[in-house]
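**Student:** Let me begin by handing over the structure; questions about it come next.
The values are calculated or read from the model by the stated rules, or taken from the named source; none is laboratory data. Just so you know, these numbers come straight off a predicted model, no measurement behind them. Neighbour counts are summed over all protein chains in view; Cβ atoms, including those assigned to glycine, are modelled from backbone coordinates with ideal geometry. Please note that ligands, DNA and RNA were not included when accessible areas were found on the heavy atoms of the full protein model with its side chains. Shrake-Rupley method; radii C 1.70, N 1.55, O 1.52, S 1.80 Å.
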Amino acid sequence: MSRRPVAAILVVLGTVLVGSAVARSMDALPERIAPDDGPIVMGFATEGLRDAPLPWSSLTDVVCFSLEAKRDGRLHDGCGWPWTGFVKKARSHDVRVSLCVTARDGGDIESLVTSREHRDTFFKAVVESMREGGVTGLNIDFENFESTAWIGHMPDFMSALTRHVHAAIPGSFVTVCVPAHDQGGKWDFDALAPTCDAIFIMGYDYNGAWSRHPGPSAPLAGDGLDLAEALRGPFGKIVKTNPKKLVLGMPFYGNEWVTSSAARDAKAVKHVGTMSLKYVDRDRGNWEAHWDDVSQTPWWTFRKDGRWHQVWAEDARSIGAKVDLAMKNRLGGVGVWRLGFGDEGGRAWKSIDAAVARGRASDERDRKSTRLNSSHTVISY
């Protein structure tokens, strides 16, 4: 026998063995944790956090951010995937890991979600990447809100994607990110909910560089543009019929502006930038603290180079209030953008832990009450 046929046989045998090893590693992955099993606490992680200490005891899910989807369905690796050591560490803490796939060009997204050929390429690439990374979770984060023609196709796209991933990777968990508002009816959240395992509500960016006045990134309540109204309005039907489908996302960051004065209604002169909670925590001792009763968020003022600055961010109290909102509405859980932004003292995470515990205790009381009431027969005379 010549060397070439022997080499060919070895290549084929190696491919079979590698494929078997991949199959065995996927079989060993934990079963999907359904939203009904308890509150999800999800955190998004970027490549720089692969070796960083994380609040593992507070988390149920981590999302690795991200591979980029191209218009023809191919994936671009901009995050050093796979994160083998990170995934191993997460699994040692019983934390489920999802791979995030992003797209930011509206035309590219429309081409991807409407073309059967591009979809098929994308579905295959996603499953291959999940298997390569040894993860059972997939998160889709498509965002371009200036070009919106693609949004109406998302329920059909997500339904087909979820079916494909579930079939290819038993026990997989598929989620999709959406804004906290329906963009004038462009998003049909009621149609989207049945197409995936959970919807991650990006409950932030209510204010930012575009704002005429400084304000909170994630107001709990307010003038109708707030998280409580989002749960009553565009997500209201899901909250009533299947709230476990929803995961409320919260910001671990805030915004700083140069302002016309120190007043609550001051004009925004210049947006300085976003600021993570750990830097707010570091510097807020030098600022004058305020609390906004309407939005249930803190804010701070200070002068620098003769100009007023305002910082609107989150703290343990405001984060806890948002988790309480999610728990009272029986949502599937909460999430944060992003890990690594948290306060150095860990107060925000302690607040999340406490609010989730309150939610679990309330659910248990409701279950006990239901069991007690159902065990008694009421006779009317």
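**Student:** Report yes if I319 is within 14 Å of P216 (Cα to Cα), open to solvent by less than 60 Å² (accessible area, probe 1.4 Å) and among the hydrophobic types (A, V, I, L, M, F, W, C), otherwise no. Give the derivation first.
**Tutor:** Details: within 14 Å of P216 (Cα to Cα): yes; open to solvent by less than 60 Å² (accessible area, probe 1.4 Å): yes; among the hydrophobic types (A, V, I, L, M, F, W, C): yes.
Against the criterion (within 14 Å of P216 (Cα to Cα), open to solvent by less than 60 Å² (accessible area, probe 1.4 Å) and among the hydrophobic types (A, V, I, L, M, F, W, C)), I319 qualifies.
**Student:** Scan region 262-291 for residues that are touching a residue at least 12 places away in the same chain (Cβ under 8 Å), open to solvent by 40 Å² or more (accessible area, probe 1.4 Å) and out of contact with any Ser or Thr (no Cβ under 9 Å at 6 or more places or on another chain) and report the count.
**Tutor:** Of the residues in that region, 7 qualify.
**Student:** While we're looking at this one, here's another question. Among L225, L248, which is of a type in the set (A, V, I, L, M) and at pLDDT below 95?
**Tutor:** On the way: L248 fails: at pLDDT below 95.
Matching residue, one of L225, L248: L225.
**Student:** Still on this model: Go through (1) open to solvent by 20 Å² or more (accessible area, probe 1.4 Å); (2) touching a residue at least 60 places away in the same chain (Cβ under 8 Å) one by one and return the number of the condition D226 breaks.
**Tutor:** Exception for D226: condition (1).
**Student:** Taking M158 and the conditions (1) of a type in the set (A, V, I, L, M, F, W, C); (2) under 28 Å from L225 (Cα atoms); (3) buried (at least 21 other Cβ atoms within 10 Å of the Cβ); (4) touching an Asp or Glu at 6+ places or on another chain (Cβ under 6 Å), which numbered condition does it fall short on, given that it satisfies the others?
**Tutor:** (4)
**Student:** Only one residue in G335, G345 is modelled with pLDDT under 95 and small (G, A, S). Which one? Before the answer, list the steps.
**Tutor:** Numbers: G335 fails: modelled with pLDDT under 95.
Just a single option satisfies the conditions, and that option is G345.
**Student:** Of these, S211, S217, S147, which one is touching a His at 6+ places or on another chain (Cβ under 9 Å) and of a type in the set (G, A, S)?
**Tutor:** Values: S217 fails: touching a His at 6+ places or on another chain (Cβ under 9 Å); S147 fails: touching a His at 6+ places or on another chain (Cβ under 9 Å).
Exactly one of S211, S217, S147 is touching a His at 6+ places or on another chain (Cβ under 9 Å) and of a type in the set (G, A, S), namely S211.
**Student:** Among the residues of region 210-217, is any farther than 24 Å from W312 by Cα and open to solvent by less than 10 Å² (accessible area, probe 1.4 Å)?
**Tutor:** We begin by selecting, within region 210-217, every residue farther than 24 Å from W312 by Cα; these are none.
No, every residue in region 210-217 fails to be farther than 24 Å from W312 by Cα and open to solvent by less than 10 Å² (accessible area, probe 1.4 Å).
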